[in-house]
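*Asks:* First the structure, then my questions, so here it is.
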Amino acid sequence: MNNIYGLIGKSLSHSFSQRYFSEKFKKENIGHVSYHLFELENIGKFLELIKITSELKGLNITIPYKEAVIPFLSQLSDEAMEIGAVNTVKIERKDNQLKLLGFNTDVIGFKDSLLPLLSLNHKKALVLGSGGGAKAVCYVLRQLGIEYLIVSRNDSPFSISYPNVNKQIINDHTLIVNTSPLGMYPNINETPSIPYEYITSKHFLYDLIYNPKQSLFLKKGKAQGAVIKNGEEMLILQAEASWKIWNKTSP
């Protein structure tokens, strides 16, 4: 019997995960296993998918379900609980009981891919977006002792809106992380609306987007002399962390 793993989200036609895991299974001679894409119109179909796919052992979760999936889960890791977002679900079936365990491996992926390029100059961060990806990013920034300011579509007690990002804010926040989907393929001409003209060589722009490899956000930062990095390494690291979770025997 094949073990099935997969990814759930709303639009997955350009998914990294299926290609990555398929290549991993082939390269490492991992047999009787496959990775599938499950596009769900709404998160209400989540449990139905798990019940009708009895070989399903684990899932990755992407936009827009990282937060919405939580009420369906039996248990959350400490990190996932604090962050309020899940990107990895381990499925356990025993004695006709279904147990769904939620984890957040975005934390591992973001932290381990960020650190090599981080300098003492990067004491404050601007986080663009406020979804599940942003929550994992903010969790890591807190761990690293980096102050952050969230930028979202609307002002709130916890964030500012894009029109309020000015020269002073850009000067003060030398790490800028895009967690929004703006600029992701096929909408490659979109970009977060910030004043890029104030970015300098002291800045580090990190984009969770990996397709295209250089988003318009990163291109604009590079043109100003900033250090740039896309989300591909983060995805690889979080995928490997997911695989370990799925294959770890529960006590």
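Values quoted throughout were computed directly from the atomic coordinates according to the rules given, and no laboratory measurement underlies them. None of the values given here were measured: they were computed from a predicted structure. No Cβ is skipped: glycine too gets one built from the backbone with ideal geometry, and neighbour counts run over all protein chains shown.
*Asks:* When you check residue 13 against the structure, is it of a type in the set (Ser, Thr, Tyr), surrounded by fewer than 13 Cβ atoms within 10 Å (Cβ to Cβ) and either touching a helix residue (DSSP H, G or I) at 6+ places or on another chain (Cβ under 6 Å) or farther than 27 Å from residue 186 by Cα (or both), yes or no?
*Replies:* The answer is no for residue 13.
*Asks:* Also, I was wondering about something else. Can you name the residue in the range 16-30 that is touching a residue at least 40 places away in the same chain (Cβ under 8 Å) and touching a strand residue (DSSP E or B) at 6+ places or on another chain (Cβ under 7 Å) and, of all such residues, is farthest from residue 2 (Cα to Cα)? Let's see the steps before the verdict.
*Replies:* To start, the set of residues in the range 16-30 that are touching a residue at least 40 places away in the same chain (Cβ under 8 Å) comprises 16-17, 20-21, 24.
After this cut, where a residue has to be touching a strand residue (DSSP E or B) at 6+ places or on another chain (Cβ under 7 Å) as well, the list is 17, 21.
Numbers: 17: 18, 21: 15 Å.
Step by step, filter the range 16-30, then rank; the result is 17.
*Asks:* Looking at the range 72-88, can you tell me whether even one residue there is in a strand (DSSP E or B) and of a type in the set (Val, Ile, Thr)?
*Replies:* yes
*Asks:* Determine whether the range 9-31 contains at least one residue that is among the acidic types (Asp, Glu) and either under 19 Å from residue 100 (Cα atoms) or in contact with a Pro (Cβ under 6 Å, 6 or more places away or on another chain) (or both).
*Replies:* Among the residues of the range 9-31, not one is among the acidic types (Asp, Glu) and either under 19 Å from residue 100 (Cα atoms) or in contact with a Pro (Cβ under 6 Å, 6 or more places away or on another chain) (or both), which makes the answer no.
*Asks:* Tell me which residues, restricted to the range 8-37, are in contact with a Phe, Trp or Tyr (Cβ under 9 Å, 6 or more places away or on another chain) and within 20 Å of residue 93 (Cβ to Cβ).
*Replies:* Once the filter is applied, which keeps residues that are in contact with a Phe, Trp or Tyr (Cβ under 9 Å, 6 or more places away or on another chain) and within 20 Å of residue 93 (Cβ to Cβ), the range 8-37 yields 8, 33, 34, 35, 36.
*Asks:* For a quick check of your reading of the model, give me the residue pairs whose first member lies in the range 121-137 and is assigned to a loop (DSSP other than H, G, I, E, B), whose second is of a type in the set (Gly, Ala, Ser) and surrounded by 23 or more Cβ atoms within 10 Å (Cβ to Cβ), with beta-carbon atoms closer than 9 Å and at least 6 apart or on different chains.
*Replies:* Going by the 9 Å Cβ cut-off, the qualifying pairs are 129/180; 130/180; 131/85; 131/180.
*Asks:* So in the range 20-40, with the set limited to residues that are under 19 Å from the mean Cα position of the chain (by Cα) and in a helix (DSSP H, G or I), which one is surrounded by the most Cβ atoms within 10 Å (Cβ to Cβ)?
*Replies:* Going residue by residue through the range 20-40, those that are under 19 Å from the mean Cα position of the chain (by Cα) are 20-21, 35-40.
Restricting the remaining residues to those that are in a helix (DSSP H, G or I) gives 20-21.
On the way: 20: 16, 21: 23.
Going through the qualifying residues, I end up with 21.
*Asks:* Something else: Consider the range 199-224. How many of its residues are under 16 Å from the mean Cα position of the chain (by Cα) and among the β-branched types (Val, Ile, Thr)?
*Replies:* 1
*Asks:* Return only the number of the condition from (1) surrounded by fewer than 17 Cβ atoms within 10 Å (Cβ to Cβ); (2) in contact with a Lys or Arg (Cβ under 7 Å, 6 or more places away or on another chain) that residue 132 does not satisfy.
*Replies:* In the conditions (1) surrounded by fewer than 17 Cβ atoms within 10 Å (Cβ to Cβ); (2) in contact with a Lys or Arg (Cβ under 7 Å, 6 or more places away or on another chain), residue 132 misses (1) alone.
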